[in-house]
1. For helix 27-76, what angle does its Cα long axis make with the longest principal axis of the chain, in degrees from 0 to 90 and rounded to 10?
2. Cut-off 10 angstrom, C-alpha nodes, Gaussian network model of the chain. Which of Glu18, Glu48, Glu71 fluctuates the most?
3. Out of the total accessible area of the chain (probe 1.4 Å, heavy atoms of protein only), what percent is carbon and sulfur?
4. What does the helix-only formula give at 222 nm for the chain: each DSSP H stretch with n ≥ 4 adding -39500 (n - 2.57), the total divided by the residues, and the result rounded to the nearest 500 deg cm²/dmol?
5. Using only Cα atoms, find the angle between the long axis of helix 10-22 and the longest principal axis of the chain, and express it within 0 to 90 degrees, rounded to the nearest 10.
6. So between Met8 and Glu71, what do we pick up on full extension, going 0.36 nm a residue minus the alpha carbon distance?
7. For Gln60 and Asp17 in the same chain, what is the full-extension length gain: residue separation times 0.36 nm, less their Cα-Cα distance, in nm?
Amino acid sequence: MEVRIRYMDPKTVQRIDELAEEKGLSRQEFLHAQLHQLAVFREENHREQRLEQLVDRNIQTMAHCYTAIREMNDLLQIEEPGEEA
């Protein structure tokens, strides 16, 4: 699919060309990569947020498990490693 952008400030186009040259790309290749990155950024950001939420829930679950194990050990009067009676 072809995408055209008209009426760009010449200084902006010059800067785009400079950035593209720094990366060894043509203007077309550079803009293609930038637009692709822009298009997938939101999805990647959302995926990262879901992963962070999952890690947080796992940490909370592990903390609850630790508390439950300590309570069971206390009920059974089992010493944990490093503790003295």
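The values are calculated or read from the model by the stated rules, or taken from the named source; none is laboratory data. Keep in mind that this is a model prediction, so the values were computed, not measured. Surface areas here come from the heavy atoms of the whole protein model, side chains and all, with no ligands, DNA or RNA. Shrake-Rupley method; radii C 1.70, N 1.55, O 1.52, S 1.80 Å.
1. Approximately 0 degrees, to the nearest 10.
2. Glu71
3. 55 percent
4. -27000 deg cm²/dmol
5. 60 degrees
6. 15.9 nm
7. Stretched fully, the Gln60-Asp17 segment lengthens by 10.5 nm.
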